[in-house]
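The values are calculated or read from the model by the stated rules, or taken from the named source; none is laboratory data. Predicted model only: the values in this text are computed from it and were never measured. Here Cβ is always computed from backbone atoms with ideal geometry, including for glycine, and neighbour counts include all displayed protein chains. Surface areas here come from the heavy atoms of the whole protein model, side chains and all, with no ligands, DNA or RNA. Shrake-Rupley method; radii C 1.70, N 1.55, O 1.52, S 1.80 Å.
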Amino acid sequence: MGALITRRDFLNGVSVAVGGSIAGGLLPGLAMPGRAAAAAPQDQAGYYPPALTGLRGSHVGSFEVAHSLRDGSVWSQSGKITDTGERYDLVVVGGGISGLSAAYFYRARRRDARILILDNHDDFGGHAKRNEFQLGARLALINGGTFQIDSPRPYSAVADGLLKELGIDPVVLAKKCTDRDFYRSLGLGRGVFFDRETFGADKLVVAGGEASWTQLLAQSPLSPQAQSDIARIEEAKIDYLPGLSSAEKKSRLSKMSYRDFLLNVTKADPGAIAFYQARTHGEWGVGIDAVSALDVWAFGFPGFQGLELAPGSAPGMGYTAAGYADGASYTFHFPDGNASIARLLVRSLVPESLPGRSAEDVVSARLDYSRLDDPRSPARIRLGSTAVRVRNVGDPASSAEVEIVYVRGGEPYAVRAGSCVLACYNMMIPYLCPELPEPQKEALRYAVKVPLIYASVALANWTPFKALGISRVHSPGSYFSSLFLNQVVDIGEYRSPRSPAEPVLVQMTRTPVAPGLPERDQHRAGQLDILSTNFATFERNIRGQLARILGPGGFDSERDVTAITVNRWPHGYAYEYNPLFDPDWPEGAAPHVLGRARFGRIAIANSDAGAAAYTDSAIDQAHRAVQELLQN
Ligand SMILES: Cc1cc2nc3c(=O)[nH]c(=O)nc-3n(C[C@H](O)[C@H](O)[C@H](O)COP(=O)(O)OP(=O)(O)OC[C@H]3O[C@@H](n4cnc5c(N)ncnc54)[C@H](O)[C@@H]3O)c2cc1C
């Protein structure tokens, strides 16, 4: 049932303080309860965040300081900031793939450099987080965020070179370690779940065999008109825009949403719209009301078969769609997603923290968090530390030093560095660096990151999937719009389960949206939705949805669900401009380009700085930022 399957929705389509104090402090709004414990949590025995369950991703304790800064907490000259006395060559704010890559690139040029990486979370990796479970005798891994090495464009020489230096050859590893056909070889395919609230009755329709669209849809609760319109959209070769050239058609399609294309051009029954509404959730983070028809055409969505559109990208396409229209990068998925890239970077920067030598053995290796912020190590990673103030010491034009203030355990600390890379969310930078030129701050504020939820659910077995003949389900009207069995990858000592009687991990994805609003407003609404939803609500929806879909296959939510990790990403994908809502800026004038300009000894990275929500963008932007700092 469906379209091109890509990385994001591959299921959706069918020192603690030493030294003296310095002037400064917090105005009301930024709480400063008591002194930090002598040993930070990450230095204590048993600290192992990948195995934590419950609300993860943007976990409690990770975002409150940043939000209080946004809400008006400012630094004054009255309070006390503890100067740690530390001096580094480079401080990196943000321990995602971009921040870790920046540290890597800097050290490659300055072998003896002393580097500190700060991140507000209790684990490094940014979106590239590892969810780890012990299921019986087996270690089970899944990505908490960044899913796989895959991009709409080939990896640049820089990004590809970094992967190779880390020992990752995606083409070789994909061939050697991935069994993409495993579930299909068991006869398991895709299903669509129609929920009663949206469609009138709960019904799972399983695609498979030789069944036509007409036969499949006949099992659904959709009206006869909606069924026949969907079958026509999926199968008929009709030119809905006769008399226009391919270029003219593409131009028109770039200016209308897919929803409008279906309703107004193919004249689909409104009943058919609900079937397609969430099809774009995983890739774009909004529904079909906010994605252009031309962009979804590039992903093989239906309805365009008879339009005879010339292959390839066209003006007016978004970054992702244009890239996929022209080809894409190689693809490889580690069992913990791109957390393996983050872990390999950490192994390179702080070798004592993670044993092993290869991209294969890293998967099962256990990381010793207590080694990450070791004063003896030239590179250090300090977790639970939110930067709140980053300023050039003296005039930015001639400054030789940056002061970075961060809050950890409720206490503000200051360190100094020769240079600083801000590899954090770009929209936060105006709060960190209020002295940036106003136009640059305005540019940095433009983008709104895409909110997403990836829930990792441990099940005692997957016999209900086998009984129903499914490995993945799209649920257009439900709380989670897709769920799927963990991908089968065997790498190093890591082995995926092969028998339906064995425990397994399932991923369920939710994209909170507000249909009808412009994309950035939908994301703002989605961010609120995520942060105002408690774990009990997520759990109720997970258990309830699984029971309704898998119940007929013998699933019992009380008995079969053994653990849940909800990865919340209110600030998820980097914003990629949407041709339906954003201006077509002249070359070099787009907000992310204006926003990432170097400011004295401070340079700006993160995938946001590339306006591309991909790991190669995170790496490329890190490289550019480091080059800018090393130029003089
Ligand atoms: C659910 C999800 C799935 C994805 N799937 C894929 C995929 O399959 N393939 C792909 O290529 N890309 C994927 N992406 C895109 C992903 O964002 C990038 O690939 C990459 O991981 C981004 O890295 P980054 O370092 O630029 O940003 P982040 O990973 O966002 O790292 C930035 C870090 O800086 C921290 N930070 C922010 N402010 C501060 C502060 N003031 N002080 C200290 N730290 C701060 C943040 O909390 C974060 O930890 C996915 C993203 C999400 C959310």
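Assorted remarks:
- If you go through the range 246-268 and keep only what is under 16 Å from residue 519 (Cα atoms) and among the aromatic types (Phe, Trp, Tyr), you end up with just 258.
- Search result, residues across the range 595-632 that are more than 16 Å from the ligand (Cβ to nearest atom) and within 14 Å of residue 101 (Cα to Cα): 627
- Selection of the range 431-474 for residues being within 22 Å of residue 554 (Cα to Cα) and open to solvent by 20 Å² or more (accessible area, probe 1.4 Å) yields 460, 461, 463, 466, 467, 468, 472.
- The set of residues from the range 288-333 being modelled with pLDDT under 95 and crowded, with 24+ Cβ neighbours inside 10 Å is empty.
- For the range 280-290, the set of residues classified as within 15 Å of residue 260 (Cβ to Cβ), of a type outside the set (S, T, N, Q) and under 19 Å from the mean Cα position of the chain (by Cα) consists of 286, 287, listed by residue number.
- Qualifying residue in the range 576-594 (condition: closer than 22 Å to residue 125 by Cβ, at pLDDT 95 or above and within 16 Å of the ligand (Cβ to nearest atom)): yes
- If the condition is being among the hydrophobic types (A, V, I, L, M, F, W, C) and in a strand (DSSP E or B), then the range 446-455 contributes 450, 452, 453, 455.
- When 344, 367, 354 are checked against the criterion of being within 18 Å of residue 128 (Cα to Cα), surrounded by fewer than 24 Cβ atoms within 10 Å (Cβ to Cβ), aliphatic (A, V, I, L, M) and under 23 Å from the mean Cα position of the chain (by Cα), 367 stands alone in meeting it.
- Contacts under 6 angstrom Cβ, first residue in the range 86-101 being closer than 15 Å to residue 406 by Cα, partner outside any helix (DSSP H, G or I) and within 7 Å of the ligand (Cβ to nearest atom), 6 or more apart: 92/423; 93/118; 93/387; 93/424; 94/423; 94/424; 95/119
For every residue, the table says whether it meets (1) small (Gly, Ala, Ser); (2) crowded, with 19+ Cβ neighbours inside 10 Å.
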site: 544; (1), (2): yes, no
site: 558; (1), (2): no, no
site: 591; (1), (2): no, yes
site: 603; (1), (2): yes, yes
site: 610; (1), (2): yes, yes
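- One residue from 373, 368 being at negative phi, within 16 Å of the ligand (Cβ to nearest atom) and of a type in the set (Asp, Glu): 373
- Scanning the range 167-188 for residues that are out of contact with any Ser or Thr (no Cβ under 7 Å at 6 or more places or on another chain) and on the phi > 0 side of the Ramachandran plot yields a single hit, 187.
- When 458, 467 are checked against the criterion of being of a type outside the set (Phe, Trp, Tyr) and assigned to a helix (DSSP H, G or I), 467 stands alone in meeting it.
One line per residue, one yes/no per condition, for (1) within 15 Å of the ligand (Cβ to nearest atom); (2) in a helix (DSSP H, G or I); (3) open to solvent by 50 Å² or more (accessible area, probe 1.4 Å); (4) at pLDDT 65 or above:
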| position | (1), (2), (3), (4) |
| --- | --- |
| 23 | no, no, yes, no |
| 29 | no, no, yes, no |
| 36 | no, no, no, no |
| 62 | yes, no, no, yes |
| 66 | yes, yes, no, yes |
| 73 | yes, no, no, yes |
| 80 | no, no, yes, yes |
| 83 | no, no, no, yes |
| 91 | yes, no, no, yes |
